[in-house]
1. Between 223, 206, which is touching a residue at least 40 places away in the same chain (Cβ under 8 Å), in a helix (DSSP H, G or I) and over 19 Å from residue 149 (Cα atoms)?
2. I'd like the full set of residues that are surrounded by 14 or more Cβ atoms within 10 Å (Cβ to Cβ) and at pLDDT below 85, limited to segment 211-232.
3. Can you name every residue in segment 190-207 that is modelled with pLDDT of 85 or more and either closer than 30 Å to residue 42 by Cβ or exposed (fewer than 12 other Cβ atoms within 10 Å of the Cβ) (or both)?
4. Looking at segment 1-117, what helices (runs of 4 or more DSSP H) fall wholly within it and have at least 1 residues that are modelled with pLDDT of 80 or more and more than 28 Å from residue 136 (Cβ to Cβ)?
């Protein structure tokens, strides 16, 4: 699981295109992690009947298994594009708001090479905290929450149940909405835990990031009862054969 984050970090550091590659690559690697977690769960369940099943190796290739099938590949690729489009849309809204607010105002400080980031932030804060800005931030918060609800289970739904991207968004949004109180507590706990990241010089991410992915998988199993029913049939075959290592 740590390898996934290392690969994403390296991809994000590529000049010019890193910020595009990382969001596209992330759903694929996350999908591979979910396949591995499903494989671990399968071995655990089989070992209760067959003790020797616990000795079965977990192939390193599973992390990249979703790259091999066109059904999840297409949906995950579009998920990456949607992620990029959503981020750009938020940036465009904020940039437009700031541009309108600064029209007719001397904002040479923002382009002054001698000014530092702290000075630029102090200059922008009054404009970003006025009543109009609060309406903007509330709108962005609502949009971000809705987007997070739609994408929370999107990857496991696509990879493990063979859902289309639209169906994955719909089911994920509905599942989070039905269990909103539990996910609210979950979000608050994660928020508190992530406050430790600066204190530990980011070392706590080594524990928090795998915890996040694993918790999503456990919640996915609980809500969907770990049963690949529905969705695209070819993708279900892919998930089952990948996890079992047998031919369909």
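The values are calculated or read from the model by the stated rules, or taken from the named source; none is laboratory data. What you see is a predicted model; the values in this text were computed from it and never measured. Neighbour counts run over all protein chains shown; Cβ positions are idealised from the backbone, glycine included.
1. On the way: 223 fails: over 19 Å from residue 149 (Cα atoms).
Going through 223, 206 in turn, the sole match is 206.
2. Across segment 211-232, the qualifying residues are 226, 228, 230, 231, 232.
3. If the condition is that a residue be modelled with pLDDT of 85 or more and either closer than 30 Å to residue 42 by Cβ or exposed (fewer than 12 other Cβ atoms within 10 Å of the Cβ) (or both), then 190, 191, 192, 193, 195 are the ones that fit.
4. Details: elements: 2-12, 18-47, 70-102.
Counting at least 1 such residues, we get 18-47, 70-102.
Every residue, every condition in (1) in contact (Cβ under 8 Å) with a residue 60 or more places away in the chain; (2) over 26 Å from residue 169 (Cβ atoms), yes or no:
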site	(1), (2)
90	no, no
93	no, no
101	no, yes
112	no, yes
126	no, yes
135	no, yes
139	no, no
144	no, no
147	yes, no
